[in-house]
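See below for the structure under consideration.
The values are calculated or read from the model by the stated rules, or taken from the named source; none is laboratory data. Fair warning: this is a prediction, and the values are worked out from it, not measured in the lab. Using ideal geometry, Cβ is built from the backbone for each residue, glycine included, and neighbour counts are taken over all protein chains shown. Heads up: the accessible areas ignore ligands, DNA and RNA and are worked out on the full protein's heavy atoms, side chains in. Shrake-Rupley method; radii C 1.70, N 1.55, O 1.52, S 1.80 Å.
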Amino acid sequence: MDGHDSEDPKQSTADMTAFVQNLLQQMQTRFQTMSDSIVTKIDEMGNRINELEQSINDLKAEMGVEGSPSPAAPAKPKQEEGSS
């Protein structure tokens, strides 16, 4: 029985090692998949932001205010209302 018992822990250790290696490989694959997905989403978001900026610039050009500073709240109508 001692010979059988000495082989069993070795087999158990080999099984545990294989299990842990498999688990780590699965985790690495999942993390890589998530990482790729995050990078793809960030790239898509960057493209959407660029498209939004282009749309805003196109609208500003159509309105003829491309040379003006950022679109702040108009001050003149408020002053006219206050002076009336």
Discussion item. Checking the conditions here, which among Pro71, Pro9 is modelled with pLDDT under 95 and within 33 Å of the chain's Cα centre (by Cα)?
Written reply: Pro71
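Residues that are among the β-branched types (Val, Ile, Thr), open to solvent by less than 80 Å² (accessible area, probe 1.4 Å) and either modelled with pLDDT of 95 or more or in contact with a helix residue (DSSP H, G or I) (Cβ under 7 Å, 6 or more places away or on another chain) (or both): does segment 40-63 have at least one? Break it down stepwise before answering.
Going through segment 40-63, the residues among the β-branched types (Val, Ile, Thr) turn out to be 40, 42, 49, 56.
Checking which are open to solvent by less than 80 Å² (accessible area, probe 1.4 Å) leaves us with 40.
With either modelled with pLDDT of 95 or more or in contact with a helix residue (DSSP H, G or I) (Cβ under 7 Å, 6 or more places away or on another chain) (or both) added as a condition, the list becomes 40.
Within segment 40-63, one or more residues are among the β-branched types (Val, Ile, Thr), open to solvent by less than 80 Å² (accessible area, probe 1.4 Å) and either modelled with pLDDT of 95 or more or in contact with a helix residue (DSSP H, G or I) (Cβ under 7 Å, 6 or more places away or on another chain) (or both).
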